[in-house]
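One structure is given below, encoded as structure tokens.
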Amino acid sequence: RFRSWKTTIWNEEAIERTLKILWYYRRIQSLWERGEVLLAVDEMPNLQVLERAAPKQLMRSGQIERQEFNDHRHGTIILLAGMTLYTGHMWAECLDKNDGEHFRPAIRRWLHPYSWAKRIHIVMDNWSSHISGETTEFFEDLSPRVHVLLTPANASWLNQAEALLEAFGERYLVRGSWCNRPAMIQHILDSTRDYNQHFAHPFDWQWTAHDFLYWLNNTPGLIRCKT
């Protein structure tokens with residue numbers, strides 16, 4: 001058994017970003033009640049479209065499920081997913097490329113149903129398509145109505161959309177078999193509707209700013225930096 005980790009350098013900017021995101025997480029309901037929406041977005045890049053070389057042999061009495069090891073590969077898919085934190089509902093699009101040119105139009109389509117909202121706050125990580133010059137200008141044009149909350153570098157676990165994608169992948173994508181890209185894309189879109197109908201719920205986020213500061217000040221081995 002082993003564990004892996006990412007090292008976050010806790011400088012002033014990283015601490016400020018974390019405290020800001022945790023502040024919003026504690027106020028999801030009150031923001032909603034006054035017409036403000038808190039969203040989160042993340043990607044699953046390079047999802048392989050795999051077709052098993054032989055049909056799966058299903059579980060039966062006395063026999064575990066069995067799956068052919070070899071597969072045929074039909075390219076990759078970039079899954080872009082968003083989450084409405086008040087309801088837990090998921091939005092998804094499959095992009096051809098994981099870059100700003102494809103990211104920005106998808107975000108505009110995602111935000112369209114929230115035309116009623118007074119303000120929209122979006123939590124996302126520091127992927128290049130999120131912080132490129134063109135994307136920064138894109139969000140500046142939408143400001144102040146649209147407000148971006150970036151996670152610290154190597155701390156995307158603060159993004160609830162990352163947890164959503166992990167759960168979604170485990171339920172709907174693991175052990176799948178697809179004969180081509182359109183088949184997998186349709187499966188993802190159908191699975192998103194199924195998730196929203198049967199499983200979507202707000203995450204019970206317990207970690208507060210107080211918890212974070214206590215952890216920061218009492219955990220040995222953390223990398224701290226003043227700049």
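The values are calculated or read from the model by the stated rules, or taken from the named source; none is laboratory data. Just so it is clear, the structure is predicted and the values come from calculations on it, not from any experiment. Reconstructed Cβ throughout: ideal geometry from the backbone, glycine too, with neighbour counts over all protein chains shown. Protein only, heavy atoms only, side chains kept; ligands, DNA and RNA dropped before computing areas. Shrake-Rupley method; radii C 1.70, N 1.55, O 1.52, S 1.80 Å.
Scan region 173-203 for residues that are of a type outside the set (A, V, I, L, M, F, W, C), open to solvent by less than 50 Å² (accessible area, probe 1.4 Å) and modelled with pLDDT of 95 or more and jot them down.
Hits for region 173-203 are Ser191, Thr192, Tyr195, Asn196.
Have a look at Gly75, Gly62, Gly88, Gly82 and point out the one that is surrounded by fewer than 16 Cβ atoms within 10 Å (Cβ to Cβ), of a type in the set (Gly, Ala, Ser) and more than 15 Å from Pro182 (Cβ to Cβ).
Testing whether each residue is surrounded by fewer than 16 Cβ atoms within 10 Å (Cβ to Cβ), of a type in the set (Gly, Ala, Ser) and more than 15 Å from Pro182 (Cβ to Cβ) leaves just Gly62.
Scan the helices (runs of 4 or more DSSP H) fully inside region 131-227 and keep the ones with 2 or more residues being β-branched (Val, Ile, Thr) and in contact (Cβ under 8 Å) with a residue 24 or more places away in the chain.
The helices (runs of 4 or more DSSP H) meeting that bar are 181-198.
Can we say Leu39 is assigned to a strand (DSSP E or B), touching a helix residue (DSSP H, G or I) at 6+ places or on another chain (Cβ under 9 Å) and either of a type outside the set (Lys, Arg) or touching a residue at least 24 places away in the same chain (Cβ under 8 Å) (or both)?
Criteria met by Leu39.
Are any of the residues in region 174-188 β-branched (Val, Ile, Thr) and closer than 29 Å to Leu19 by Cα?
There is no residue in region 174-188 that is β-branched (Val, Ile, Thr) and closer than 29 Å to Leu19 by Cα.
From the list Trp23, Trp32, Trp91, pick out the single residue that is part of a helix (DSSP H, G or I), in contact with a Phe, Trp or Tyr (Cβ under 6 Å, 6 or more places away or on another chain), at pLDDT 90 or above and among the aromatic types (Phe, Trp, Tyr).
Answer to the selection: Trp32.
Against the condition farther than 26 Å from His112 by Cβ, open to solvent by 40 Å² or more (accessible area, probe 1.4 Å) and among the acidic types (Asp, Glu), how does Glu162 come out, does it pass?
Spelling it out, it is not the case that Glu162 is farther than 26 Å from His112 by Cβ, open to solvent by 40 Å² or more (accessible area, probe 1.4 Å) and among the acidic types (Asp, Glu).
Take Thr8 and decide whether it is under 18 Å from the mean Cα position of the chain (by Cα) and of a type in the set (S, T, N, Q).
Criteria not met by Thr8.
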